[in-house]
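Scroll down for the structure; my scribbles are underneath it.
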Amino acid sequence: MTNSNPRLGTLAVWAGEEDYLMQGATQVPVVHSVSFGYKDVDRWLRVALGQEAGYIYSRNTNPTVHAFEEKIRALEGAEAATSAATGMGIISSALFTFLSPGDRIVSVKDTYGGTHVIFSEFLPRFQVDAVLCDTTDHEAIEAEVAKGCKVLYLETPTNPTIKIVDLARLSEAGKKAGAIVIVDNTFATPINQNPLQLGADLVLHSATKYLGGHADALGGVICGEKALIDPIYHFREINGATLHPMAAYLLLRGMKTLHLRIRQQNISALKIARFLEAHPRIEKVFYPGLESHENHAIARRQMRGFGGMLSFMLKGDDFDAVLAFLPRLRYAHAAANLGAVETIVGPPAMTSHVECTREERAAMGIPESLIRYSVGIEETEDLIADLDQALG
Ligand SMILES: *Cc1c(COP(=O)(O)O)cnc(C)c1O
C-alpha cells in the first residue's frame, strides 16, 4: 500500500489485492487452476527452487489464497502469513510444526474445544506434555512457563465463558522462558486486538468466523515473523490442509466489511449484555465489557472493543429451560457457529464443547445451561426485544 499509515478499516478494504487485479478488474479473481505452466523452463526452475516469486501448484500456493493471506497479514501488522483449510488446520499445523517428543506446551483450560482435543488426545500420543492451567490464574501460568516450555498457547477472549488473559504479561513470561507464544485471536479479530503488538510471536484465526463473517466458507490463517511462518507453511504444504481458492475469495470479500461489522457488533453486544445483566430470569452474564467481568480491567487495556461474543446462564442452571428458550428466539440461528452477520445461539454442550464429556465441561467450569450468544449485525433494539420476549 502506498498510503503511509492507513487505518484498519482502510486496510480491510484495500490490502493484499493490488497485485491480483488483472486487466483493470476491481476484484481479485478466483484462480481455480491447480497448476501454473511455464514456457520459459529456466524461470520454472528458479520458481521451483524458490529463487523467484511465482506459482507452481495450488496445494502449495495460489494467487487468490495469497491475496487473502496478505489482507490479514496487513491487519495484524505482521511480516508474514500462511493459511489452511480450516482454523483447526492451521492450529494443528502450527503445533505439529514446533512440537517434538519430550517437549512441553503450556496452555489454558478454556481453549476452543477442538484445540483442547489436540492437547488432551493427540499431543500425549507424541510424548508432548500439555500442561493446562486455570485460564485466569496468571501466576500459575507464569510458574509453569518458567519451568521451561517450547510453546505457550493462549486464547482470549475464550470460548464459551468469555474469559480474558493478559497478553502483554504472559507474552513477556513466554519470551523469558524462550517459548514461542501463539495466540488464537478468533473472538477479538484484528479490529479489536492485535496480539503481536502485545508481544506474542504468532497470531492465528479461524477465518470461518468473523474474518469471513458470512458463515459460508471455512478457513484458517496464522501471522508472525517470516522465520516462524515459513516452517508452518512447509508443514501445511505437505500435510495438504490447503485453503481452497473459492473459500479464500469468500473470506477476502467478507473481510472488506470486517471493521463495519465488528464496530456494530461491539456496540450491540455491550447493550445486550447490560440488558441481560438486569433481567430477572438471568443468573449471570459473561462479557468483558461489563464492569462485573472479573478481568474487565485487562480487557480495557488490551482491546479496542469488547467483541460480539457473550454468554449467559438462566436462573436455576436448568438445561430443559435452555431447550425451551432457544426455539422462541426469532432472530437467532440455533447452530454450532459464531461470528456471522446473523445472530447465532448455542449451548456449548451442543456446540463448541460437544466433544467433551459432561464431567470435562464441569471441570472446565462450563455450566450445562450456559448459552453462547454471537451477536449479528441486526438492529440492536430488535435483538433486545427478541431476547425479552423469549425470556418472558
Ligand atoms: C471455530 C474456532 C476454531 C476452529 O476453527 P475451524 O475453522 O472450525 O476449524 C478455533 N478457535 C476458535 C476460537 C474458534 O472459535
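The values are calculated or read from the model by the stated rules, or taken from the named source; none is laboratory data. Note that the structure is a prediction, hence the values are computed from the model and not measured. Please note: Cβ atoms are built from the backbone with ideal geometry, for glycine as well, and neighbour counts cover all protein chains shown. Heavy atoms of the whole protein, side chains included, go into the accessibility calculation; ligands, DNA and RNA do not. Shrake-Rupley method; radii C 1.70, N 1.55, O 1.52, S 1.80 Å.
Does Val47 satisfy being closer than 25 Å to Ala241 by Cα, assigned to a loop (DSSP other than H, G, I, E, B) and open to solvent by less than 60 Å² (accessible area, probe 1.4 Å)? Write out each step before concluding.
Values: closer than 25 Å to Ala241 by Cα: yes; assigned to a loop (DSSP other than H, G, I, E, B): no; open to solvent by less than 60 Å² (accessible area, probe 1.4 Å): yes.
No; evaluated as a whole, the condition is false for this residue.
Scan segment 61-120 for residues that are hydroxyl-bearing (Ser, Thr, Tyr) and part of a strand (DSSP E or B) and report the count.
3
Can you name the residue in segment 156-178 that is open to solvent by 10 Å² or more (accessible area, probe 1.4 Å) and not in a helix (DSSP H, G or I) and, of all such residues, is nearest to Glu291 (Cα to Cα)?
Among those residues, the one meeting the criterion is Lys163.
For segment 163-193, name all the residues that are in contact with a Lys or Arg (Cβ under 9 Å, 6 or more places away or on another chain) and within 9 Å of the ligand (Cβ to nearest atom).
Thr186, Phe187
Which residue is farthest from Ile72 (Cα to Cα), if the candidates are limited to segment 218-244 and must be within 14 Å of the ligand (Cβ to nearest atom) and buried (at least 22 other Cβ atoms within 10 Å of the Cβ)?
Ranking the qualifying residues of segment 218-244, first place goes to Arg236.
Would you confirm whether or not segment 194-215 contains a residue that is of a type in the set (Val, Ile, Thr), in a helix (DSSP H, G or I) and either surrounded by 24 or more Cβ atoms within 10 Å (Cβ to Cβ) or within 13 Å of the ligand (Cβ to nearest atom) (or both)? If you could, list the steps in order and put the result at the bottom.
Just the residues of segment 194-215 that are of a type in the set (Val, Ile, Thr), to begin with: 203, 208.
From what is left, the residues that are in a helix (DSSP H, G or I) are none.
No, there is no match, as no residue in segment 194-215 is of a type in the set (Val, Ile, Thr), in a helix (DSSP H, G or I) and either surrounded by 24 or more Cβ atoms within 10 Å (Cβ to Cβ) or within 13 Å of the ligand (Cβ to nearest atom) (or both).
At least 3 residues that are out of contact with any Lys or Arg (no Cβ under 6 Å at 6 or more places or on another chain) and within 15 Å of the ligand (Cβ to nearest atom) in each: list the strands (runs of 3 or more DSSP E) lying fully within segment 304-392 that qualify. Break it down into steps so the answer makes sense when it comes.
Details: elements: 309-314, 344-346, 370-374.
Because the criterion is at least 3 residues that are out of contact with any Lys or Arg (no Cβ under 6 Å at 6 or more places or on another chain) and within 15 Å of the ligand (Cβ to nearest atom), the strands (runs of 3 or more DSSP E) in segment 304-392 that meet it are 370-374.
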